[in-house]
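Notes follow once the structure below has been shown.
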2 protein chains.
Amino acid sequence: MLGEFDLIDRYFRDAAARRADVVLGVGDDGALLRPKAGFDLVMVTDTLVEGTHFKAGASPHSIGHRALAVNLSDLAAMGATPAWALLALTLPATDESWIKEFAGGFLALARQHDLALVGGDTTRGPLSVTVQAVGYVPHGRGLRRSGARVGDVVLVSGTLGDAAAGLHDSNEYLRGRFDYPTARIALGESLLDVASAAMDVSDGLLADLAKLTAASGVGATLEIANLPLSDSLLAVQGLEAARRLALTGGDDYELLFTMSEANWEEWRRVWAERSAADQSVAITPIGRIDQHEGLRMTLAGKSVDRTALGIERSGWDHFEA
Amino acid sequence: MLGEFDLIDRYFRDAAARRADVVLGVGDDGALLRPKAGFDLVMVTDTLVEGTHFKAGASPHSIGHRALAVNLSDLAAMGATPAWALLALTLPATDESWIKEFAGGFLALARQHDLALVGGDTTRGPLSVTVQAVGYVPHGRGLRRSGARVGDVVLVSGTLGDAAAGLHDSNEYLRGRFDYPTARIALGESLLDVASAAMDVSDGLLADLAKLTAASGVGATLEIANLPLSDSLLAVQGLEAARRLALTGGDDYELLFTMSEANWEEWRRVWAERSAADQSVAITPIGRIDQHEGLRMTLAGKSVDRTALGIERSGWDHFEA
């Protein structure tokens with residue numbers, strides 16, 4: 001067995017303690033943290049396993065980025081601002097160059113979000129990475145999946161389907177969308193008190209929207225013509241396959257959220273200005289929350305079912321078409 | 001891939017939200033927690049991997065217990081009171097009876113410590129378990145490894161070497177000490193403002209004491225005749241092998257700590273009364289902190305070196321004999 005903190009110490013020392021709320025970082029039995037007053041904490045964890053979440057031989061820099069990004073994406077979905085993370089790294093052997101590259105990918109993203117790595121564990125075994133991340137939301141204002149109301153607009157950030165295509169395609173843009181997902185932290189923060197429900201798109205739009213509507217006790221109708229598709233995805237896959245990937249492909253790590261029509265009319269202007277100023281991600285309305293449980297789809301306003309779109313039932317739960 | 005929270009939901013639902021500081025437990029993108037005022041948080045993580053930390057085919061009930069216990073032991077070493085945990089479980093296949101037994105072992109220990117499981121992730125891959133646990137310590141009073149001072153008494157809880165023997169021996173008591181380690185939470189809490197340094201014994205006494213003294217910038221001398229050994233260990237292994245296991249065997253999860261002579265004289269009476277009343281674990285003085293870096297050993301007051309005790313250098317770092 002590798003020494004518990006030896007490797008992490010060596011390559012992650014830089015990231016250990018740059019925040020006022022970190023009393024003691026990496027190196028003891030645990031980290032000592034002093035939460036800011038007036039905030040709730042959001043705690044999340046996600047694991048990436050070789051062969052399940054990334055291919056054998058994948059870039060360690062990308063794995064380091066993704067292991068943190070998928071957790072930050074969960075924080076974004078709750079509207080949280082990242083603060084601390086723990087890293088549990090299981091490696092088949094001590095490979096310093098692998099660890100160095102992995103740390104590079106992890107720490108670059110951590111620095112971008114002022115997140116402190118405050119501890120971890122390094123063990124020997126088949127390659128996998130579990131990250132636990134903690135963030136702040138103002139007291140009582142964390143976003144949930146369960147607040148969508150009939151009549152709310154269904155919205156999604158960025159474009160969908162790119163990552164699923166990038167897993168198998170050599171197109172540089174699409175591969176980058178799989179290898180280096182962007183956690184929508186600033187977007188999540190801006191949705192506090194505005195969105196009625198939110199989650200991140202990790203298992204595919206239909207699967208995740210089904211979870212959001214089930215948690216809220218409502219249904220939804222999606223307009224397929226409105227799905228945001230990247231030029232690269234359209235060029236490589238064509239319109240029909242692009243739509244299928246947008247509906248069922250996973251690993252996008254965009255935010256899926258709902259808000260009242262009134263909030264949307266107001267907030268869209270604020271976000272559009274911000275987007276123009278600092279190239280924040282674009283937001284697209286893709287549907288509407290309705291009363292009848294389950295999901296329905298329209299194409300240019302006309303009802304379509306999943307078979308017409310070439311979509312198998314498998315791949316998500318709770319789907320009705 | 002298994003549904004992210006489906007399995008955890010099914011078997012862990014009972015444990016999700018019984019604490020006032022849990023706003024939202026399992027089931028959303030993350031947990032929402034409201035830390036109590038006046039406390040620091042201690043955050044720890046530890047991974048158990050099949051083949052490294054337990055044998056293939058080991059009892060899932062024991063694995064569930066151990067996965068949480070080794071994390072609680074880290075909390076105990078900081079003097080923390082357990083509050084919340086996240087569970088990241090990687091399984092080669094969906095095996096409901098395995099998960100049910102695992103959950104039984106995990107939750108029995110969680111209930112014992114009023115700990116809420118507030119989230120997690122279930123993924124497919126080689127069997128491993130990563131737990132992250134969070135506990136409270138009163139503001140600014142968390143125990144550290146780095147506070148040992150020259151002249152302090154070196155103390156250890158319980159008996160040493162049992163777990164290392166139990167990994168290979170069929171003796172019921174010794175096996176139980178490996179399969180069901182006890183996190184010394186009440187002891188850790190009672191050491192706040194009393195102990196000068198503390199950590200848990202997970203890699204073996206010599207290895208861990210070397211870390212504690214290095215972190216404190218001091219050395220220590222151990223009296224081998226004082227090592228606390230169980231009757232079972234002595235019966236099965238004999239005195240010499242028992243001492244070797246006590247010095248170098250891992251997985252004891254006892255607490256190793258130091259305090260001034262004055263504090264020891266006072267606190268030992270308090271703890272002895274408590275121990276008599278509720279069978280709390282016994283504490284044994286096993287050495288003394290001194291100025292010269294590294295570790296030295298005596299047997300009935302006479303200096304001995306590791307070779308005389310039949311101990312190889314390998315197995316721990318920083319050791320000087």
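Each value in this text was obtained by applying a stated rule to the coordinates, not by laboratory testing. Note that the coordinates shown come from a computational prediction; the quantities given were computed from them, not determined experimentally. Note that each Cβ is placed from the backbone with ideal geometry, even for glycine, and that neighbours are counted across all protein chains shown.
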Copies of A:A241 compared via label points 7 Å along Cα→Cβ give distances in nm, shortest first, of 6.5
Counting Lys and Arg as +1 and Asp and Glu as -1 over every other residue whose Cβ sits under 14 Å from the Cβ of B:G140, the net charge comes to 0
With -39,500 (n - 2.57) per DSSP H segment of 4 or more residues and division by the full residue count of the protein assembly as shown, the 222 nm estimate, nearest 500 deg cm²/dmol, is -10500 deg cm²/dmol
A student asked for the Cα radius of gyration and Dmax of region B:11-166 in angstrom ought to give 16.8, 55
Relative contact order as a percentage, chain A, C-alpha pairs under 8 Å and 6+ apart, gives 21
If every Lys and Arg gets +1 and every Asp and Glu gets -1 at its Cβ, then about the Cα centre chain B yields a dipole, in debye to the nearest 20, of 340
With one decimal in nm and the nearest listed first, the spacings from A:A225 to its own position in the other copies, using label points 7 Å along Cα-to-Cβ, are 9.3
GNM of chain A, Cα pairs under 10 angstrom: of A:K100, A:K36, A:K211, the biggest fluctuation goes to A:K36
So the angle from the long Cα axis of helix A:96-112 to the longest Cα principal axis of chain A, reported in degrees to the nearest 10, equals 60
Over chain A, the quotient of the Cα radius of gyration and 2.2 N^0.38 Å is 1.02
If one compares the long axis through the Cα atoms of helix A:60-77 with the longest principal axis of the Cα atoms of chain A, the angle in degrees, nearest 10, works out at 60
In whole µm²/s, the translational diffusion coefficient that Stokes-Einstein assigns to the protein assembly as shown, given a Kirkwood hydrodynamic radius over C-alpha pairs, 25 °C and 0.890 mPa s, equals 95
Counting every C-alpha pair in region B:169-211, the percent lying more than 11 Å apart is 73
The summed charge of the A:W271 Cβ neighbourhood (under 15 Å; Lys/Arg +1, Asp/Glu -1) stands at -3
The rounded separation in angstrom of the Cα centers of region B:112-141 and region A:90-107 is 24
Note on region A:148-192: alpha-carbon gyration tensor, axes a ≥ b ≥ c; rule is a/c under 1.5 for rounded, else prolate if a/b larger than b/c, else oblate; result oblate
Distance in Å, no decimals, from the C-alpha centre of region A:170-213 to the one of region A:31-77 is 14
Label points for A:A37 built 7 Å along Cα→Cβ; distances to same position in the other copies, nm, shortest first, come to 0.6
Taking a ≥ b ≥ c as the square roots of the eigenvalues of the Cα gyration tensor, with a/c under 1.5 meaning rounded and otherwise prolate when a/b exceeds b/c and oblate if not, region B:208-317 is oblate
Computed over chain A: longest principal axis from alpha-carbon atoms vs helix A:205-216 long axis, angle to nearest 10 degrees, is 90
